[in-house]
Amino acid sequence: MKNEVPVDMGRVAAIILGGGQGSRLSPLTITRCKPAISFGGKYRLVDIPMSNAINSGCSKIFILTQFLSSSLNHHIVDTYRLGTFSSGFIDLLPAEQKPTRHSWFQGPADAVRQNIEYIAEKPVDYFLILSGDQLYNMDFRKIVAFAQKTDADLVVAALPVNESDAKRMGILKIDEKHFISDFYEKPQDRTVLETFRLPESMIQQGNLNKGENRPYLGSMGIYLFKREALLTLLQQDPREDFGKHLIPTKVKEGNVAAYLYDGYWEDIGTIDSFYKANMALTKHNPEFNCYDEKNPIFTSHVNLAGPRFFNSQVDRSIVCEGSTIEGSTISDSILGPRSVVKKGTIITNTYCMGNDYYHHPMNSSNMPPYCIGEECVIDRAIIDKHVHIGRGVKLINEAGLDYYDSEKVCIRDGIIVVMRGVHLPDGFIL
């Protein structure tokens, strides 16, 4: 790669934030944190920042965890091994009691602050702060090169967004050299929002809109700090959040630049965004590319045979290893590992996460196998792991509900979600 400034990614450490409670993604976050949620059939959300870091040559990685982190910790340990002769590392930093502090992490910045003694002892020049629940393909070497060229204390990755997205993001105001003059977190007031509208000259010069109505710059929640700038800021501003608190503080001090990104990016914050991001993978040319050999998405390996199909029709779908489809119709859907679908069943516009086992580990006779039974109809749904769906079940949201709650099945944003470990009896209809 040719850069104006040589980039040594060995002098960069990534800090991946393991996520908080993730209440907007409930019920998927009832049993695990957001970065541990299955995505695209075989991946976990945390695999995205991990893969971007590794593909960019950044092999010094901290992962900060707190909420329901057991599944995430197991996945990281099972998946990522950098080798005996690598200078890199992967450090899991869970919330822990310390002689001087006994509280939980109060937010992303507080999580970094509470682990600063571990983070600061590493010999690096930059710290790259990443979220554990976003989708994108990015070469972080370009951000580091930009930071070195501008000599900025902090670089905020940003991209053009429309008005709706701007209201749920931090938005930026930049000058001609891309230095940030103002920053506002999630503006709801239209008057405030208008003051951050990009000048038409800047839109045309940078080709930022690409024919779309995206007149604002939104923060992607990806921050590259100079070492001393981060350590000083964490000490000066004791508050808990980067976007709400520390970034505006640093912007007021100055020397903060925006790196403009023009690729795909999605923040997985709701059931609706999670569902749409998964369904987009089944399209012919998805914006988020899982088939790029130069930039693979790393994940854990499973020793499973390829999927089997018996008298079935499958179209525009992803079916993962170890699955068995018997006399069924699958379209515009994703079936995760060890999915079993019985004859006569029709599945459309659905993400089935699959299973970690074919049967319950207790192997008790009164515990049905994990599968979708015969003659079912499932549309516009998310099926969590370890689910048994009986014969003739219909999950079609026939009442057109936007919201619904029960102990086994719920509806969020019009999308049916079957919870982890649920057994739906024969003939169940929603």
* Asked: Could you give the nm distance between label points at Lys186 and Arg239, where each point is 7 Å from its Cα heading toward the beta carbon?
  -> 1.3
* Asked: At Ile30 and Asn349, where each label point lies 7 Å from the Cα along Cα→Cβ, what is the point-to-point distance in nanometres?
  -> 2.4
* To do: Give the share of C-alpha pairs in each 5 angstrom bin for the range 9-280, from 0 to the last occupied bin, in whole percents, shortest bins first.
  => 1, 5, 13, 17, 20, 18, 14, 8, 3, 1, 0, 0
* Report the one residue of Ile30, Pro49, Asn73 whose Cα lies farthest in the direction of the positive end of the charge dipole of the range 6-91 (charges on C-beta: Lys and Arg +1, Asp and Glu -1; origin at the Cα centre). => Ile30
* Label-to-label distance, nm, for residues given as Ser406 and Lys177 (7 Å Cα→Cβ offset) -> 6.2
* Extension gain Lys149-Phe89, at 0.36 nm per residue separation less the Cα-Cα distance, in nm? -> 18.9 nm
* Structure fact -> So, relative contact order of the range 9-280 in percent, Cα under 8 Å, 6 or more apart, is 24
* **Estimated FRET transfer efficiency (Gln313, Glu200; beta-carbon r; R0 60 Å; 0.05)** => 0.75
* Structure fact -> For the range 222-307, the dipole about the Cα centre with charges only on Cβ (Lys and Arg +1, Asp and Glu -1), to the nearest 20 debye, works out at 160
* Asked: If you take every DSSP beta bridge whose two residues both sit in the range 9-280, what share of them, in percent to the nearest 5, is antiparallel?
  -> 55
* Filter the cross-link list Lys149/Lys250; Lys283/Lys342; Lys149/Lys294; Lys186/Lys226 down to pairs whose alpha-carbon distance in this structure exceeds 22 Å. => Lys283/Lys342; Lys149/Lys294; Lys186/Lys226
* Within 10 Å, count the other beta carbons around each residue, average over each peptide in 412-424, 171-183, and list them highest first. => 412-424, 171-183
* Asked: If you stretched the chain out fully between Arg420 and Ser70, how much longer would it get, using 0.36 nm times the residue separation minus the C-alpha to C-alpha distance?
  -> 124.4 nm
* Taking 0.36 nm per intervening residue step and subtracting the Cα-Cα distance, what contour gain separates Asp139 from Lys294 on full extension? -> 54.7 nm
* Asked: Of Ala157, Ala120, Ala13, which has the largest mean-square fluctuation in a 10 Å C-alpha GNM of the chain?
  -> Ala120
* To do: Could you please state, rounded to a whole Å, how far the C-alpha centre of the range 1-59 is from the C-alpha centre of the range 217-245?
  => 18
* Place a label point 7 angstrom from the Cα of Lys252 along the Cα-to-Cβ direction, then list the residues of the range 168-200 whose backbone nitrogen is under 12 Å away. => 183
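Readers should treat all values here as calculations from the given coordinates under stated rules, not as data from a laboratory. What you see is a predicted model, and the numbers here were worked out from it, not measured in a lab. Don't worry about glycine lacking a Cβ; one is built from the backbone with ideal geometry, like all the others, and counts go over all protein chains shown.
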